[in-house]
């Protein structure tokens, strides 16, 4: 399996907007997991959850893919729930580390908040719900190869590596 190709696919998909779906779809196709319903469910999670700048949608897409592989199928199965937290945390920490390396942040990235990641990448954060601010985001390269699509590529690669490690 070509992990870099999964990252490239997520990067390319994000040019259509929807970081959560971009990452999730690239992973769904590569690992043959989930279905169109899980893809559709991720629609509103991009841009930091409904474009509110909260938790990074690309990371959420990766975690959704992880859940499709190791998640519980029964709400009363608290052990599977607890067991899923360790690889989730590992993906989050590796995602932060790789973003720091990829974008050359001078200090460790200690957040997964979309607007904080934007500030690190672009020097400012954007209100993606405001048309003027969204245009500024696009003008700054928000959907270019060195912007948020690259964040999607990183999230997809980090998650793919973990899924392979877990035997998916």
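The values are calculated or read from the model by the stated rules, or taken from the named source; none is laboratory data. The structure displayed is predicted, hence computed values, not measured ones. Cβ atoms come from the backbone with ideal geometry, glycine included; neighbour counts cover every protein chain shown.
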Next item on the list: Among the candidates 87, 108, single out the residue that is surrounded by 13 or more Cβ atoms within 10 Å (Cβ to Cβ) and either under 19 Å from residue 46 (Cβ atoms) or out of contact with any strand residue (DSSP E or B) (no Cβ under 6 Å at 6 or more places or on another chain) (or both).
Entry: 87
Next item on the list: Might you check whether a residue that is more than 23 Å from residue 10 (Cβ to Cβ), surrounded by fewer than 17 Cβ atoms within 10 Å (Cβ to Cβ) and modelled with pLDDT under 95 occurs anywhere in region 145-154?
Entry: no
Note to self: What pairs come out if I take residues in region 130-154 that are farther than 15 Å from residue 19 by Cα and pair them with residues that are assigned to a helix (DSSP H, G or I) whose C-beta lies under 7 Å away, six or more apart or interchain?
What the structure shows: 140/122
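Out of 59, 45, 64, report the one residue that is farther than 22 Å from residue 134 by Cα, surrounded by 17 or more Cβ atoms within 10 Å (Cβ to Cβ) and under 17 Å from the mean Cα position of the chain (by Cα).
64
One line per residue, one yes/no per condition, for (1) assigned to a loop (DSSP other than H, G, I, E, B); (2) farther than 21 Å from residue 147 by Cβ:
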{"position": "26", "(1), (2)": "no, no"}
{"position": "37", "(1), (2)": "no, yes"}
{"position": "52", "(1), (2)": "yes, no"}
{"position": "68", "(1), (2)": "no, yes"}
{"position": "72", "(1), (2)": "yes, yes"}
{"position": "79", "(1), (2)": "no, yes"}
